[in-house]
Each structure stands twice: as structure tokens, then as C-alpha cells.
Amino acid sequence: AQEKKIFTVQGPYPIIRRLLQARGWVERKLPRVGRQKEQHRGDQNKQRLETGRSNGGGGQGEALLNPHSGAKPFRGTTDPLHYPWLPAEGEEEQRDEDSNGIHDLMSYLVRDRLPNFIWTNFLEATDSQLLQQDNVVNHYARVDAFTTKEGLCLSLQNLPWIEQADPNTFFPRCYRLGTMDEREAFIEDFRLTAARSLLKLALEETGNRLVRTEHIPNSAKRESEGHVSHPKHSTARPGSPLYPELVEEALEVCKQHLAVLRHQDIDRSTPSPCRTCIYWDRFLQEYYRVAHEGAGLVLTRQQRKQCQHLLRHLAEQLPQFDMEGKLNVWILKPGAESQGRGIVCMKRLEEVLQLAQGGTAPLVQVGRWVVQKYVERLLTIFGTKFDIRQWFVVTDWKPLTIWFYQDCYLRFC
């Protein structure tokens, strides 16, 4: 106790217990109501548990820390405690590790001491008014900025107000679909990315094969009948049902977007580039056919030059131009899940919006989705995807003090 090496763990967590005990720490085990009493008074405890939740007690069946009067399993109760304080789900495992009962004895000796290190599942499990300056708890209040995808997304968006930094230079674009403004911003981003991607696909597919304006194939002309098109251009390959002005529309969208990026839109009546200049539903459906179904495109020489010019200048303005690829794939993540649960990749706008509205994922709260641009041009190690895991610990808020390892580790997918 004099060395301030007393700890408390809420829940099983055998590895944490074992490693701390190996370093000379003593566990002050949390008391539990005896099984006999729990069985006979289950309904009463259930009602008490629900009352605790409504009163902000967190609804935890484990103890609240009180170094003077001992720990009580519920606020406002005086039920006798049952020792040893072993969680039922980890009882056998802990007995095997403490066959001679030494840890139970040491825990009993420090039963009236306030732990120096507290590991809890929920912040509400501890009484913050009883904590002292040298107590360490593994939970801070309102840590969504660090621990949830929604919080990370919001922190990135607020970064330019705090630091002179552009989050697009180091993190893929992301939006919270539960917020109307961000959902609209995502829709616009998806459309603009589709327009850029169409131009990339057109250049990639045509290569050095150019079709001059005056030599449009007759079959392409027949295919374009019935459409409102630009008389001097055609983007439909012979036999393709793509409407002729597809590339022209993509060029116009990218021109307006480039003007916005260069701050040439000050006098515009609408701040959004080309929100209504084309029929977006039709454009996206045709883009899907080119990007995902193999429909072909033919460029005129003038269109090819325009594509090259626009894409070159857009690359200078957009930090993520190269990594975003040309298939417009986005990754959707539940805002507060972990371990990859619920994550899906999508490449059609209507499917993303349907999922965000709870149409195909009823287990995720409606709107609690974060959508992020998928990195299509991946950095791999011998052809294998990986991510970088960097652990950190926050030791103080004022001033904000964060510690992290200089070395990190890679997790291969």
C-alpha cells in the first residue's frame, strides 16, 4: 500500500490481472452479493438495477469504490457482501491461478484502501468525488473524440479551427451520415468523385486510340438518336447504349469544381459546383455501367485534351486525387462499433443512403454510420493489406498530455 500499487479490475480481464500481479501489484477485488442472496432476491436486485440506471448509476452490478465504508454492489443498499469477490464467469480460471489463496488474502488486507489504478468497463462504476490526485482510471468522461469513429470524424472536421492543418492530407475523407449537412456534403463528394473517375476511366480505356470529331461512326450516331446531345461530340462506342453527352457532362462538372477549388466562385449564386447543371441520377447510372459493368467510352481528340488538362489541375488541388482511384468505392462503418463489426464497402450512392437510413442494417442505430473514402490505390506488403496500430494513453486534460510509443505494429488483413 505504501508503494501505491493497489489495483481494481471490473470484469474478468485475466491478462491485466496477471500482468499487474507479476509486477508486484495487489488487487483489491470488488465485492459481490452472495449467490444464495442473488438467487432469492433476483427480482429485487433487477428492480434495483433498473433504478440505478435511471438515476445515472450506470447499471453496474459491480461495486462503487468507497475506501471508508467498503464497496456496495448498488447505490443506497446495505446488502451484506460475500467473499471472495470472484466474478462468476472467471471464477474457475482465477482459482487455478491462485490455488493457495494468496491473492485473496492480500486482497482482503487492502479491502479498505482506495486503489491507485482502476480498470472499469464504464466510467459510472467509480465515484469521481472519492478519487485523489494520484489515482489512475482507464476511463475519461466524454472520450468519444478518441474512442468512436463518429468522434474521430468530428475531430477531423474541427481540426482547421484549431490548427493550420488540412485533414485531407493525412486521412481519407469521411462524413457522419446521421447529420443532414454532412450527408449532403457526402452526396456532393460522391458525385464529384464519380465525375473525376469517369474522366480517368475514359483516358485509361482509350489510350492512344482517338476518334476525330468528324469521323463519328454511323452506328454511334444511330445509337445517340433520341438523346439531347452535343452535335460535335460523341462518347458512345458502337453498340453501346451510353448517352452521348456523358463525358461532356463530366467535363463541365469538373470545370466548375476546379473553379471552386481556386476560389473563383465568389460571385456564384450557389456555392455548390454544378448541383443542378446535369441530371445526376442518370449520370450516376451510366457511370456505374462504365466503372462496374464494362460499358465502353470513345473520346474525341478535343475531349482527351480537356480530360488531361482538367485532371492534371485537379490533382494539384486535391490531396487525395491519386489514392481515391476510379471506381468510387466508399467504406461504411457503424459509428460506435469495434473490431471490424458491421463494416461494408459500397460503390453506389443509393445503396449507401439506404443502409444509413436503417433499410438493410436494423441492428445499427439509424444514422449512426460514418462513410469514408476507400483507399483504392493501396500500399501493400508483398501484396497483403495491413493497417498500422498505434496505442496511446491520455494522462491529463489540462494541459492535454498524450503518451505514445515511438514504435508501432502492423496488423495484416
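The values are calculated or read from the model by the stated rules, or taken from the named source; none is laboratory data. As the structure is a computational prediction, the values presented were derived from the model and not from experiment. Every residue, glycine as well, gets a Cβ built from its backbone with ideal geometry; the counts of neighbours run over all protein chains shown. When the accessible area is computed, the model is the full protein with side chains, heavy atoms only, and any ligands, DNA or RNA have been set aside. Shrake-Rupley method; radii C 1.70, N 1.55, O 1.52, S 1.80 Å.
Side notes on the structure shown:
Table: residues versus (1) among the acidic types (Asp, Glu); (2) at pLDDT 85 or above; (3) within 30 Å of ASP134 (Cβ to Cβ).
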residue: GLN372; (1), (2), (3): no, yes, no
residue: LEU379; (1), (2), (3): no, yes, no
residue: PHE382; (1), (2), (3): no, yes, no
residue: VAL394; (1), (2), (3): no, no, yes
residue: CYS413; (1), (2), (3): no, no, no
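- The number of residues in region 375-394 being more than 19 Å from the chain's Cα centre (by Cα), at negative phi and free of Cβ contacts under 8 Å to residues at least 24 places away in the same chain comes to 3.
- The C-beta contact set for region 184-206 (first residue closer than 17 Å to ARG312 by Cα, second residue modelled with pLDDT under 95 and open to solvent by 30 Å² or more (accessible area, probe 1.4 Å), distance under 6 angstrom, 6+ apart or interchain) comprises SER197/LYS326; LYS200/LYS326; LEU201/LYS326.
- Residues being open to solvent by 40 Å² or more (accessible area, probe 1.4 Å) and not polar (S, T, N, Q) - total across region 242-265: 5
- Taken over region 140-159, the criterion of being open to solvent by less than 60 Å² (accessible area, probe 1.4 Å) and closer than 17 Å to SER338 by Cα is satisfied by VAL143, ALA145, THR148, LYS149, GLU150, GLY151, CYS153.
- Count of residues meeting criterion [assigned to a helix (DSSP H, G or I) and basic (Lys, Arg)] in region 124-167: 1
- Of all residues in region 270-295, those that are assigned by the TED database to the domain that holds SER197 have Cβ atoms under 6 Å from Cβ atoms of residues that are modelled with pLDDT under 85, 6 or more apart or on another chain, in GLU286/LEU242; ALA295/SER240; ALA295/LEU242.
- Selected residue (criterion: nearest to the chain's Cα centre (by Cα)) from residues of region 75-134 that are among the aromatic types (Phe, Trp, Tyr) and modelled with pLDDT of 60 or more: PHE122
A quick yes/no check of all residues on (1) part of a helix (DSSP H, G or I); (2) in contact with a helix residue (DSSP H, G or I) (Cβ under 9 Å, 6 or more places away or on another chain):
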{"position": "LEU299", "(1), (2)": "no, yes"}
{"position": "ARG312", "(1), (2)": "yes, no"}
{"position": "GLN320", "(1), (2)": "no, yes"}
{"position": "LEU353", "(1), (2)": "yes, yes"}
{"position": "VAL370", "(1), (2)": "no, yes"}
{"position": "GLU376", "(1), (2)": "no, no"}
{"position": "LEU379", "(1), (2)": "no, no"}
{"position": "VAL393", "(1), (2)": "no, no"}
{"position": "THR401", "(1), (2)": "no, no"}
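- Subset of region 168-189 [among the aliphatic types (A, V, I, L, M) and in a helix (DSSP H, G or I)]: MET180, ALA185, ILE187
- Single residue of region 372-399 satisfying the filter (aromatic (Phe, Trp, Tyr) and farther than 27 Å from GLY342 by Cβ) that is most open to solvent (accessible area, probe 1.4 Å): PHE382
- Residue count for region 286-330, restricted to those that are over 22 Å from LEU349 (Cβ atoms), acidic (Asp, Glu) and surrounded by 18 or more Cβ atoms within 10 Å (Cβ to Cβ): 0
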